[in-house]
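Scroll down for the structure; my scribbles are underneath it.
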Amino acid sequence: MSARVSDYVKAIQKMKLEAGNQNKTELIIRAGDLHSQVNKGTPTLVTCCMAMKKMMLEDDEFLKNPENKSGASANLTIKYQLHDLEHRLPLLRPKQRGRKKGVQMKKKEEAKSSVQITLEEWLAKIPLSFTENKGTFDVQGTYGIWKIKVAVPRGRRPFDLDDVVYSLLKYADEKTDKYSVCMNDSKENRRQWEHISPVLRKKMNITAIFVKNGNVEEY
């Protein structure tokens, strides 16, 4: 079974506790090492890096933070300070743009699909800033805009993934570096994804983001 964010968080907490018991003042963790130690299933390096950044507090610092399209790298290295762990505030507190407040925001949240809500939480934890309009996300990536389209069925009628990909590519421009379709993880959706030309996926830098039970996997 693939490791979740909570699994990596628990591992980091344990490592901090053990280092503190040894009277150490700091702890250095490399993503590749933590990933190998915790994960035993499908590779979850993005999840690992997400957890490492989530566990950063004030005074912690990046020793290595390689820039890449996914926001994850085995060489991500963080130095955690071990003093005053209970009172120091989180270092990374991402601000999400384009949100409404009050009653309007509550109604908007209720109208969102569980797939979209999970995607927003995943992006916020990485953390990446984004704007959203009718299920289409513009994510501020390292090399440009990462455009993500949430595909959900209308009523009982399943969506056609070919149509979703086409609608996504209509927004193609020089500022957009990457495209993704986010959808529920099901056999039918995976079958549709496999039928899309691998050549097209590679040339246009298109990926699939599958969501299931709060877990997110990108292919």
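Is the shape of the stretch 5-81 best called rounded, prolate or oblate, per the rule: a/c under 1.5 gives rounded, else a/b larger than b/c gives prolate, else oblate, with a ≥ b ≥ c the square roots of the Cα gyration tensor eigenvalues?
Verdict is oblate for the stretch 5-81.
Using amide H atoms built in the peptide plane, which far-off residues or other-chain residues are under 5 Å from Ser129 H to H?
Gln140
Tell me which GluC sites (Glu not before Pro) from the stretch 137-219 have a DSSP coil assignment and no more than 13 other beta carbons within 10 Å of their own.
Answer by residue number: Glu174.
When the Karplus curve 6.51 cos²θ - 1.76 cosθ + 1.60 is applied with θ = phi - 60°, which whole-Hz ³J(HN,Hα) does each residue of the stretch 25-36 get, with x for Gly and Pro?
Going residue by residue, I get 9, 8, 9, 10, 10, 9, 4, x, 5, 5, 4, 5 Hz, with x marking Gly and Pro.
Do any chymotrypsin sites (Phe, Trp or Tyr not before Pro) in the stretch 120-205 lie in a DSSP loop with no more than 11 other beta carbon atoms within 10 Å, and if so, which?
Tyr143
Quick check for me: using +1 on Lys/Arg Cβ and -1 on Asp/Glu Cβ, what's the dipole size of the stretch 5-81 about its Cα centre, in debye to the nearest 20?
Dipole of the stretch 5-81, to the nearest 20 debye: 260 debye.
Between beta-carbons, use under 12 Å as the cut-off and find the net charge around Gly41, counting Lys and Arg +1, Asp and Glu -1.
Numbers: positive: Arg4, Lys40; negative: Asp7, Glu217.
Cβ neighbours under 12 Å give a net charge of 0.
Readers should treat all values here as calculations from the given coordinates under stated rules, not as data from a laboratory. Please read all numbers here as calculations on a predicted model, not as lab measurements. Please note: Cβ atoms are built from the backbone with ideal geometry, for glycine as well, and neighbour counts cover all protein chains shown.
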